[in-house]
């Protein structure tokens, strides 16, 4: 939560100082490229392959063997990513041409600025991937707080760069690129003392032939393809957005960031917690406990994902206006970002469900099934991108970028549905009693909350002309009212949240 709140403050600072112009579009692409690879290798393929092997070593091998595994893995990962970083820095114009073709063909000034910043931001992939390795080890040992807190440093350093470094730069926006570079180093250094406390801070060594490393690589290969599916979707979104009017990349980014708040607080938090737990239950040959854990997590998804989706959709305009309508970010930017936020909010349940269901495969060291499912979702996303965006452009729709967000929403539900179907059909997951009642309770509670939010929000035009203090007070009151109504309805309908907080094996 701290990380996400600071992320919001970071984006508020960005929009106030830099607005939604060419410089902001260029930085977001330069930052998105190393993030693309981070999600592809570090989060998407490496961690799901690494955690089950580390968990097995911890359960069945000696501490010395586990230390050797982490040292060899760190050394191998570091050397490979160092090589990739050097190549990408040298070939930055080619990389940007792939990720933002529209900049090259239509906006040469944005293209040159993006290339300049990418050479600074790309080494972030090296540092943050090693940070992900350290965080995975800490998660296996139940130290969830340290890896969860680590992204706070990225937000702090970017805020400091925007406020204090930017005025001294020839091109102020480039200060953010240096903030990303510094954050990668700080995040890695922060976790090292905690690794030392559990006796797993050693000297990285090349270990391509090490048995554990080879198993991790074997598990990573299909995981890379699976992650590539989602990242190709994001790449296609960026390419299409680069052809749209200036500001489209920034509007999509801001609306995506709003959606990332519930996804990060609930979805990623649940995924982080249940992957080591599922891996342990699989190692212990405890299929009932495995199914219980998935069931427990999915109940949290329904009870907290649905109100997040409803609230973001209804309050999309007021939220964007309150957080970002300052300085260079004007009313038209609010309207444009609102369109894509509504489209993204419809998919929150799908996004969170994917985060929860995928560990059900990874914990069993099955990285192939999510790949097959992800390919289907990728095709759906690509078809929907063109099916939604092209007609919007041809008909002169105000915000064709919202079609990209809507396509992502559709593909997320396809992905989640197929993941759930696979676990269900194979007998790995069996729903426990009470789901029908839970759905009815959630629908009723969300329905009452929706009516209250709709009645108290008012017209967007009123928010656009109000002062910042008025918007903050109004939005805070509406949010607290909505949350209070929702949780009161849950209580009146018989749901007791403390029962969901019990260990998964007690949930029926």
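Among the residues of segment 405-444, those identified as surrounded by fewer than 19 Cβ atoms within 10 Å (Cβ to Cβ) and closer than 30 Å to residue 473 by Cα are 443, 444.
Among the residues of segment 120-139, is there at least one that is more than 25 Å from residue 203 (Cβ to Cβ) and surrounded by fewer than 24 Cβ atoms within 10 Å (Cβ to Cβ)?
yes
Being modelled with pLDDT of 80 or more, under 21 Å from residue 439 (Cβ atoms) and surrounded by fewer than 20 Cβ atoms within 10 Å (Cβ to Cβ) is the requirement here; does residue 310 meet it? Please lay out each step first, then the result.
On the way: modelled with pLDDT of 80 or more: yes; under 21 Å from residue 439 (Cβ atoms): yes; surrounded by fewer than 20 Cβ atoms within 10 Å (Cβ to Cβ): no.
It is false that residue 310 is modelled with pLDDT of 80 or more, under 21 Å from residue 439 (Cβ atoms) and surrounded by fewer than 20 Cβ atoms within 10 Å (Cβ to Cβ).
Set side by side, the residues 397, 388 differ, and just one is part of a loop (DSSP other than H, G, I, E, B) and closer than 22 Å to residue 335 by Cβ, which is 397. Just to be sure before I move on: is residue 352 in contact (Cβ under 8 Å) with a residue 12 or more places away in the chain, in the same structural domain as residue 465 (by TED's automatic domain parsing), in contact with a helix residue (DSSP H, G or I) (Cβ under 6 Å, 6 or more places away or on another chain) and over 17 Å from residue 246 (Cα atoms) in the structure I sent? The answer is yes for residue 352. In segment 445-462, the residue that is surrounded by the fewest Cβ atoms within 10 Å (Cβ to Cβ) out of those that are in contact (Cβ under 8 Å) with a residue 12 or more places away in the chain and within 29 Å of the chain's Cα centre (by Cα) is 454. Test residue 313 against the criterion of being free of Cβ contacts under 8 Å to residues at least 40 places away in the same chain and farther than 22 Å from residue 249 by Cβ, and give yes or no. The answer is yes for residue 313. The set of residues in segment 276-294 that are surrounded by fewer than 20 Cβ atoms within 10 Å (Cβ to Cβ) and either touching a helix residue (DSSP H, G or I) at 6+ places or on another chain (Cβ under 6 Å) or closer than 21 Å to residue 352 by Cβ (or both) comprises 283, 289. Scanning segment 187-211 for residues that are surrounded by 17 or more Cβ atoms within 10 Å (Cβ to Cβ) and under 18 Å from residue 125 (Cα atoms) yields 187, 188, 190, 191, 204.
Figure legend. Inter-residue proximity from segment 281-296: first residues within 17 Å of residue 55 (Cα to Cα), second residues surrounded by fewer than 22 Cβ atoms within 10 Å (Cβ to Cβ) and at pLDDT 85 or above, beta-carbon distance below 7 Å, spacing 6+ or different chains. Indicated pairs: 290/428.
With respect to the conditions (1) in a loop (DSSP other than H, G, I, E, B); (2) over 23 Å from residue 324 (Cβ atoms), residue 466 lacks only one, and its number is (2). Total residues in segment 247-296 satisfying the condition of being under 18 Å from the mean Cα position of the chain (by Cα) and under 30 Å from residue 433 (Cα atoms): the figure is 14. Put simply, of 504, 483 the only residue that is at pLDDT 90 or above, in contact with a helix residue (DSSP H, G or I) (Cβ under 9 Å, 6 or more places away or on another chain) and closer than 30 Å to residue 277 by Cβ is 483.
Residues satisfying the criterion are absent from segment 106-121 (criterion: assigned to a helix (DSSP H, G or I), within 24 Å of residue 194 (Cα to Cα) and modelled with pLDDT of 90 or more). Here residue 499 clears all of (1) part of a helix (DSSP H, G or I); (2) modelled with pLDDT under 90; (3) farther than 28 Å from residue 297 by Cα except the condition numbered (3). Here residue 273 passes the criteria (1) closer than 21 Å to residue 4 by Cα; (2) touching a helix residue (DSSP H, G or I) at 6+ places or on another chain (Cβ under 6 Å); (3) surrounded by fewer than 22 Cβ atoms within 10 Å (Cβ to Cβ) except the one numbered (2).
The values are calculated or read from the model by the stated rules, or taken from the named source; none is laboratory data. On a predicted model such as this, the values are computed, not experimentally measured, just so you know. Reconstructed Cβ throughout: ideal geometry from the backbone, glycine too, with neighbour counts over all protein chains shown.
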